[in-house]
Amino acid sequence: MGIGAIPFVASSLPHEAKEEQERKIRGPLCVHPQNPRYFTDDGKRVVYLTGSHTWSNLQDMGPSDPPPAFDFDAYLDFLVQHNHNFIRLWRWEAPRYRYGQGAVSFCEPHPWLRTGPGLARDGKPKFDLTKFNEAYFKRMRQRVEAALKRGIFVSIMLFEGHCLQFADEGREFHPFHPDNNINGIGWKDWRDYYTLANPKVLELQEAYVRKVIDTVNDLDNVLYEICNEAGGYSTEWQYHMIRFVKAYEAKKRKQHPVGMTFQYQGGTNANLFNSPADWVSPNPEGGYRDDPPPNDGRKVVLNDTDHLWGEGGNPQWVWKTFTRGHHPLFMDRIVALTSKVVTWAGRKAEDIPGAEEIRKAMGVTRKVAERVDLATMLPLPDIASTRYCLAEPGKQYIVYVPSGSEVTVNLTDAKGKFRAEWVHPIEGTTKSGGAVEGGALRTLKSPFEGDAVLLLLIARS
């Protein structure tokens with residue numbers, strides 16, 4: 001059996017219909033009023049987020065010009081198959097770029113029309129930064145709508161900072177490079193694009209952000225991410241943009257969460273947690289890669305392998321992240337699309353080692369999350385000998401056992417009997433652990449080899 005082996009509460013509806021009904025998105029996300037480690041879409045139930053994202057899921061990217069088309073419908077099928085419910089919808093700013101000695105890659109479409117007169121550095125008409133490319137925004141809306149129909153939340157990346165910093169060829173092709181637009185817009189230093197130094201640049205950026213919001217504001221599955229991996233110099237600009245999004249949406253029908261993610265290089269997690277953002281994605285400092293700290297409730301934390309390894313991760317990290325009150329996200333190099341296997345650059349390649357186990361593990365955490373009331377649960381390391389435990393003491397416990405076959409759980413202050421259930425952390429198969437009496441330290445032995453997850457739920461009379 002696979003993930004479906006974890007049962008739901010009995011219902012008069014067929015299993016699939018009941019699951020679909022329970023997972024239907026009920027409204028835009030906001031921070032849960034009772035437990036700010038999570039979001040809610042109705043003010044009551046927790047929405048736990050987890051999923052794989054990949055670079056070319058909005059703009060087509062690849063070694064040819066034009067680049068190969070990305071099969072978004074097949075991508076959504078892939079997410080649903082793995083029981084995921086969240087993606088980052090990537091933005092890439094350079095129409096042409098190259099990292100190191102790699103091949104030149106291309107990216108289309110972009111937010112602005114290429115009208116000329118004159119040619120940009122890539123040999124195509126220059127951009128007019130006052131005229132939007134409606135095809136770009138139409139695609140954005142269509143993809144967010146398609147994800148909504150599948151119950152998948154979408155974080156729209158407004159800006160992208162890695163390519164401009166680190167691509168050997170990329171900066172000179174950027175639309176805001178003075179040689180590539182007809183508006184007399186440019187920078188003395190390219191870093192000014194991610195600061196408040198140039199009012200003309202900021203004015204155009206704000207106009208673009210308003211256009212994005214106007215395009216998707218009525219959709220319930222939207223989140224915003226200000227920028228992927230601009231450096232520490234971007235802090236005040238990102239804070240400004242967070243406030244700008246919130247202020248503009250405050251005048252709209254709906255409001256959506258705004259996130260700030262790892263600043264590479266030179267950023268700190270303190271910059272994220274001190275920001276006005278609703279959610280953050282940290283860097284490895286503080287243990288987010290190997291031993292995530294318990295979420296203290298200051299922010300919703302989407303713990304993303306993109307900002308911890310670049311490409312990497314393991315199932316153990318997934319469960320450690322979940323049982324410390326965070327949400328695991330996976331930077332996926334390749335996605336199986338129908339009969340093809342493609343990378344973000346349109347090139348066939350090997351999968352990231354262990355990627356399928358990571359994808360499965362994230363799906364199982366979501367199944368487990370839906371069996372408990374996360375609104376009342378806290379990350380409480382001291383309750384379990386493994387130190388990975390989400391619990392509402394006396395009622396419900398999720399304990400991750402990363403190694404060995406036994407775990408001791410402190411049920412000293414818990415009264416009554418509990419029903420123990422063991423869950424395989426990757427396959428999702430379950431085995432009964434029998435009844436467990438509260439009132440003492442209890443040591444339980446896993447029926448699985450290797451890692452395991454223990455559920456302790458108060459027995460109903």
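Every read-out reported here was derived from the displayed coordinates using simple, explicitly stated rules and does not represent laboratory data. For clarity, every value in this text was computed on a predicted model and none was experimentally measured. Note that each Cβ is placed from the backbone with ideal geometry, even for glycine, and that neighbours are counted across all protein chains shown.
Tabulated results
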quantity: Tensor-based shape of the stretch 50-94 (alpha-carbon gyration tensor, a/c under 1.5 rounded, otherwise prolate or oblate); calculated: oblate
quantity: Chain lengthening between Ala375 and Glu203 when straightened (0.36 nm per residue, less Cα-Cα); calculated: 57.9 nm
quantity: Flagged links, alpha-carbon separation over 31 Å, of Lys131/Lys254; Lys126/Lys149; Lys24/Lys211; Lys188/Lys252; Lys124/Lys200; Lys320/Lys415; calculated: Lys126/Lys149; Lys188/Lys252
quantity: Amide H contacts under 5 Å for Met157, placed H, 5+ residues apart; calculated: Leu89, Arg91, Glu225
quantity: Karplus 3J(HN,Hα) series, Hz, for the stretch 80-88 with 6.51 cos²θ - 1.76 cosθ + 1.60 (x for Gly, Pro); calculated: 4, 4, 9, 6, 9, 9, 8, 9, 8
quantity: Interchain or long-range residues, amide H under 5 Å from Gly267's placed H; calculated: Gly232
quantity: Cα gyration tensor, the stretch 144-291 - rounded (a/c under 1.5), prolate or oblate; calculated: oblate
quantity: Estimated vicinal HN-Hα couplings, Hz - the stretch 205-211 in sequence order (Karplus 6.51, -1.76, 1.60; Gly, Pro = x); calculated: 4, 5, 4, 5, 4, 4, 5
quantity: Amide H contacts under 5 Å for Thr115, placed H, 5+ residues apart; calculated: Asp128
quantity: For a label point 7 Å along the Cα-to-beta-carbon line of Ala146, residues of the stretch 64-81 with backbone N under 17 Å; calculated: 67-81
quantity: For peptides 260-267, 290-297, 118-125, sequence by mean Cβ density within 10 Å, most packed first; calculated: 260-267, 290-297, 118-125
quantity: Counted charge near Thr115, where neighbours are those whose Cβ lies closer than 12 Å (Asp, Glu -1; Lys, Arg +1); calculated: +3
